[in-house]
Amino acid sequence: MRLKLQIWRQENGEAGGQFVTYELADASPEMSFLEMLDVLNEQLTERGEEPVAFEHDCREGICGSCGMMINGQAHGPMAGTATCQLHMRHFQDGDEIRIEPWRSAAFPVLKDLVVDRAPLDRIIESGGYISVNTGSARDANEILVPKPAADRAMDAAECIGCGACVAQCPNGAGQLFTSAKISHLGLLPQGQPERDRRVKRMVETMEDYFGSCSNYRECEAVCPKGISIDFIARMNRDYVKALIRGE
Amino acid sequence: MTLDAKVPSGQIQDKWDKARFDLKLVNPANKRKFKIIVVGSGLAGGSAAATLGELGYHVQCFCYQDSPRRAHSIAAQGGINAAKNYQNDGDSVWRLFYDTVKGGDFRSREANVYRLAQVSVNIIDQCVAQGVPFAREYGGLLDNRSFGGAQVSRTFYARGQTGQQLQLGAYQALARQIDAGQVEMFPRTEMLDLVVEDGRARGIVTRDMVTGEIASYSADAVVLATGGYSNVFFLSTNAKGCNATAIWRAHRRGAYFANPCYTQIHPTCIPQHGDYQSKLTLMSESLRNDGRIWVPRSVSEERAANDIPEAERDYYLERRYPAFGNLVPRDIASRAAKAVCDEGRGVGHGGRGVYLDFADAIGRLGKGAIEAKYGNLFEMYERITGEDPYTVPMRIYPAPHYTMGGLWVDYNLMSTIEGLYVIGEANFSDHGANRLGASALMQGLADGYFVLPYTIGDYLSKHMGEGPLPTGHAAFQAVETEVADRVQSLLSADGSRTVDSFHRELGALCWDACGMSRTAEGLAAAIDQIRELKGRYLKEVKVLGGNEQVNQSLEKAGRVLDYFELAELMCRDALMREESCGTHFREEYQTPEGEARRDDEKFTFVGAWEYGGPDTEPNLHRESLEFQNVPPSQRSYK
């Protein structure tokens with residue numbers, strides 16, 4: 001496959017950036033998208049040009065490291081697929097592909113396609129856990145969790161924290177990510193004691209960094225794990241209840 | 001130095017209790033006076049950092065990823081073992097202990113394994129309390145499944161993402177301690193060396209992966225939880241960033257490296273499909289519970305899988321191992337796959353693949369049941385290969401996956417450097433020559449939640465009131481200079497080849513000589529070739545860009561430099577071990593049926609290597625192993 005790649009190049013957070021066009025003559029349909037970029041980077045290095053920096057690690061769609069806007073879409077054209085799991089067979093010979101870093105003021109560019117997603121960690125640190133010190137747990141089977149609740153909690157817990165939801169949202173909102181963790185823990189009996197405190201603190205932290213949700217639903221459309229926006233509704237209900245209950 | 005494993009005396013059931021009583025404690029008010037560095041934030045590092053923070057220690061935790069949540073433990077799929085016996089099927093702490101010792105082919109330390117089995121039950125309790133959404137029965141109780149190499153159902157799981165959920169559990173516990181100010185987190189910070197003074201670990205030197213700053217961090221103790229070294233093979237199931245630099249640098253500073261040749265090749269991975277391939281993807285071996293593995297009977301078979309009639313298929317695992325069939329342990333399944341492919345009966349790209357067929361299971365249980373169990377794995381397979389495994393048999397092939405070898409540690413998880421602890425995959429301790437499925441998550445969390453937090457206090461209590469060395473101390477300055485020089489030498493190499501091209505070449509060398517089967521001749525040749533390749537590396541490599549920026553080529557270049565040395569030691573260890581055991585298969589030492597032939601008389605020991613110097617051969621130390629509770633026997637899965 002012959003491809004024309006327009007890639008955002010930016011030296012660091014302070015420098016300005018621009019699109020640079022590269023021709024790649026020898027991509028193959030079996031390659032993953034990141035392997036295609038590997039091939040480009042090998043060629044750039046051999047030509048004495050600095051390779052394109054992009055974040056990646058597990059390349060199995062689970063660590064959440066990778067992510068880029070591919071032709072304007074977070075993680076590219078395939079639904080339910082992280083960038084590392086996207087394969088070139090979904091592109092055509094001769095395609096032009098525009099590759100940008102995540103778009104969000106909350107995720108400043110560090111270099112090329114690498115951004116800083118630290119605010120996602122700040123949200124979890126503000127309450128995305130159950131307070132239980134090591135060693136103080138009772139026997140696991142003493143806590144009964146109805147299967148539907150466990151399954152639903154797992155649906156939310158599958159979030160990989162990649163930030164695609166934020167990147168795709170016209171408002172740069174962090175609702176889908178935040179609500180996934182709030183719902184995962186709030187659906188389980190273990191998560192009840194801290195439920196009000198958790199939602200209040202996490203929502204407030206989220207608002208410190210991210211834009212507001214106006215139900216565009218783009219987050220859900222690009223989420224590689226198919227996290228549902230129902231969890232956002234659930235988070236909003238929990239938040240209001242927590243306010244009423246005076247937490 | 002003689003290796004003292006510090007295993008407590010007494011019956012195996014009582015050893016851990018005795019140790020916990022004998023280990024000195026640090027009182028709660030004094031804990032906050034101690035600073036502990038934890039490198040790595042996976043299951044072992046994350047759980048250790050969180051637990052040490054809860055106990056009141058001041059913890060600094062480092063990871064190379066942008067967030068501690070992303071460590072590669074997150075990619076484990078199948079599950080975590082625990083001797084809960086919730087299924088009433090005959091499991092017990094003793095049976096898990098027995099299975100693990102036997103599965104490790106009698107090359108692990110009995111006392112460590114017993115403790116692992118004991119604390120396995122606490123891990124499940126802890127994780128459930130944290131909100132890990134394990135699979136449930138309709139009554140609300142926990143579900144279990146059986147998993148590679150076990151005849152009981154003791155594996156707890158969360159869909160096909162057990163590692164992710166346990167990792168997030170540990171990450172959340174860590175996040176809570178970060179919020180509480182107990183743990184200071186340093187993401188995008190890579191440990192590049194260890195600082196040792198007076199024989200004690202005093203801290204680390206790191207590189208900030210955004211600014212390039214080389215900095216020193218000092219502490220009362222250092223914990224390495226930096227995972228394994230499968231990426232020495234270039235193509236492995238590890239994340240691209242996983243590396244051995246932390247443990248290798250510690251090795252060069254005096255930590256012995258144990259059993260480097262014990263590397264596990266996982267039987268169920270998606271086969272390689274091209275030369276540009278960057279990594280291999282594992283498919284959970286839980287698939288072997290329902291999938292049947294086969295190859296065509298005939299070497300000259302050219303038909304598509306579904307056109308090959310039943311009579312012309314060879315279900316070789318069921319044939320060779322009727323008792324365990326498709327569920328034989330990983331080392332055996334991997335070698336058997338290699339054997340049929342070597343015969344020319346392999347399928348797919350380059351004849352390096354075997355079929356994993358779900359047609360029978362779908363016929364028996366229905367497509368819905370298979371989808372419920374393995375839906376996400378089937379999807380992943382289809383995404384990568386473009387083939388639908390519901391209708392066409394999957395193709396699988398073994399791939400490097402896990403390393404049982406690692407830094408030598410005593411019963412308390414301390415290395416041969418005082419104050420340097422090593423936990424999780426980075427140490428060598430619990431799996432012997434082969435790890436059983438669903439035991440890596442167990443060991444990582446056992447070390448981090450329940451072992452290290454007890455044992456580290458014993459060391460710290462002896463150094464009450466001393467405090468960490470200032471980072472201005474000459475010991476830190478010397479290491480900082482070395483690290484900076486090394487970075488500079490990589491950047492100033494004036495070659496034309498990329499780092500990856502060298503890494504690929506090294507990986508291919510290791511895979512051929514020190515992969516699934518090994519020979520004295522091949523290993524000896526590989527040692528020379530690795531040295532030669534390393535010699536060319538610094539001359540011919542090209543690393544663009546500077547230090548004071550995000551520079552992924554530079555990161556890789558340093559890691560690969562360490563892989564050369566580690567690869568050589570791995571081959572040297574494989575050459576020394578003139579027997580076959582577990583994953584270590586020397587072609588010269590096999591039974592007439594082609595199974596591994598151990599030599600218990602000569603090789604019932606841990607081979608712990610002491611670094612000799614850049615041009616000096618390493619020194620072998622032996623920790624002899626005693627099996628008082630599980631008498632060594634020929635492993636048989638027939």
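Throughout, read-outs are computed from the coordinates displayed, never taken from laboratory work. Here the structure is a predicted model, which means the values were calculated and not measured. As a convention, Cβ positions derive from the backbone with ideal geometry for all residues, glycine included, and neighbour counts pool all protein chains shown.
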Is the protein assembly as shown rounded, prolate or oblate when judged by the Cα gyration tensor, a ≥ b ≥ c being the square roots of its eigenvalues, rounded requiring a/c under 1.5 and prolate requiring a/b larger than b/c? rounded
What's the local net charge at A:Asp230, with K and R +1, D and E -1, over the other residues with C-beta under 15 Å away? +1
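Exposure proxy check: B:Asp447, B:Asp198 ranked by fewest other beta carbons within 10 Å? The partial results should precede the final answer.
Details: B:Asp447 33, B:Asp198 9.
Listing B:Asp447, B:Asp198 from fewest to most nearby Cβ atoms yields B:Asp198, B:Asp447.
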Reachable aspartates and glutamates from B:Lys33, criterion Cα separation under 12 angstrom, eight or more residues apart if same chain: B:Asp220, B:Glu466
Starting from the Cα of B:Asp512, step 7 Å toward the Cβ, then list every residue of segment B:541-583 with an amide N under 14 Å from that point. none
Return the FRET efficiency for the residue pair A:Asp208, A:Glu11: r is the Cβ-Cβ distance, R0 is 25 Å, and the value is rounded to the nearest 0.05. 0.30
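Find the percent of Cα-Cα distances in segment B:477-602 that exceed 24 Å, and round it to a whole number.
Details: 3254 of 7875 pairs.
I get 41 percent for the Cα pairs in segment B:477-602 exceeding 24 Å.
Hey, which of these cross-link pairs are over 31 Å Cα-Cα: B:Lys240/B:Lys602; B:Lys31/B:Lys240; B:Lys18/B:Lys102? Intermediate results must be reported in sequence, preceding the final value.
Details: B:Lys240/B:Lys602 38 Å; B:Lys31/B:Lys240 37 Å; B:Lys18/B:Lys102 25 Å.
Over 31 Å apart, Cα to Cα: B:Lys240/B:Lys602; B:Lys31/B:Lys240.
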Using the count of nearby Cβ atoms within 10 Å as a rough guide to exposure, how do B:Asp307, A:Asp121 rank from fewest to most? B:Asp307, A:Asp121
Determine by what factor the alpha-carbon radius of gyration of segment A:118-244 differs from 2.2 N^0.38 Å, reporting the quotient. 1.04
Write down the Kirkwood hydrodynamic radius of segment B:266-401, to one decimal in angstroms, obtained as one divided by the mean of 1/r over all alpha carbon pairs. 14.9 Å
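222 nm [θ] for the protein assembly as shown, helices only, -39500 (n - 2.57) per DSSP H run of 4+, per residue, to 500? Don't skip to the answer; put the middle values down first.
Working: 26 runs with 313 residues, N = 885.
Computed ellipticity for the protein assembly as shown at 222 nm equals -11000 deg cm²/dmol.
What is the local net charge at B:Asp22, summed over the other residues whose Cβ is closer than 12 Å to its Cβ (Lys, Arg +1; Asp, Glu -1)?
Here the charged neighbours net out to +2.
What Kirkwood radius, in Å to one decimal, follows from the Cα pairs of segment B:364-442?
Numbers: mean 1/r = 0.0627 Å⁻¹.
Answer for segment B:364-442: a Kirkwood hydrodynamic radius of 15.9 Å.
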Qualifying GluC sites (Glu not before Pro) for segment A:1-94 [loop in DSSP, other Cβ within 10 Å: at most 12]: A:Glu14
With each label point set 7 Å from Cα along the Cα-Cβ vector, what nm distance links B:Asp599 and B:Ser489? 3.7 nm
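Quick one: length gained pulling B:Arg20 to B:Glu548 fully straight, 0.36 nm per residue minus the C-alpha distance? Mind showing how you got there, number by number?
Values: separation 528, 0.36 × 528 = 190.08 nm, distance 4.67 nm.
Between B:Arg20 and B:Glu548, full extension yields an extra 185.4 nm.
Given R₀ = 56 Å, what would the calculated FRET efficiency be for B:Ala215 paired with B:His349, taking r from the Cβ atoms and rounding to 0.05? Before the final figure, lay out each step's value.
On the way: r = 46 Å, r/R0 = 0.82.
So, using R0 = 56 Å, E works out to roughly 0.75.
Within the P(r) computed for chain B, what percentage of the Cα pairs occupies the region above 42 Å? Mind dumping the intermediate values first?
Working: 40059 of 203203 pairs.
Result for the distance tail: 20 percent.
Give me the inter-chain shielding for B:176-188: mean count of other chain Cβ atoms within 10 Å, whole number please. Show your work: numbers first, answer last.
Values: counts 10, 3, 4, 8, 2, 0, 0, 0, 0, 3, 0, 4, 4.
If you average over the peptide's residues, the count of other-chain Cβ atoms is 3.
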At R0 = 56 Å, FRET efficiency that the Cβ-Cβ distance of A:Ser136 and B:Gln634 yields, to 0.05: 0.80
By how many degrees, 0 to 90 and rounded to 10, does the Cα axis of helix A:147-157 deviate from the longest principal axis of chain A? 40 degrees
In whole percent, the Cα-Cα distances of segment A:3-111 spread across 10 Å bins from 0 upward as 14, 49, 33, 4
Relative to the longest principal axis of the C-alpha atoms of chain A, give the angle of the C-alpha long axis of helix A:230-244, reported between 0 and 90° and rounded to the nearest 10°. 40 degrees
Binning every alpha carbon pair distance of segment B:164-269 at 10 Å from zero, what are the percents per bin? 12, 34, 38, 15, 1
Give A:Lys147/A:Lys225; A:Lys147/B:Lys367; B:Lys35/B:Lys84; A:Lys111/B:Lys542 a once-over and call out the pairs whose C-alpha atoms are over 24 Å from each other. B:Lys35/B:Lys84
Kirkwood-based Rg to Rh ratio, segment A:85-159, C-alpha trace: 1.17
Once you have the Kirkwood Rh of segment B:11-131 from its Cα pairs, apply Stokes-Einstein at 25 °C and 0.890 mPa s and quote D in µm²/s. 146 µm²/s
Within segment B:365-441, DSSP-loop GluC sites (Glu not before Pro) with at most 16 other C-beta atoms within 10 Å are B:Glu387
In degrees, nearest 10, the alpha-carbon axis of helix A:175-186 is tilted away from the dominant principal axis of the alpha carbons of chain A by 40 degrees
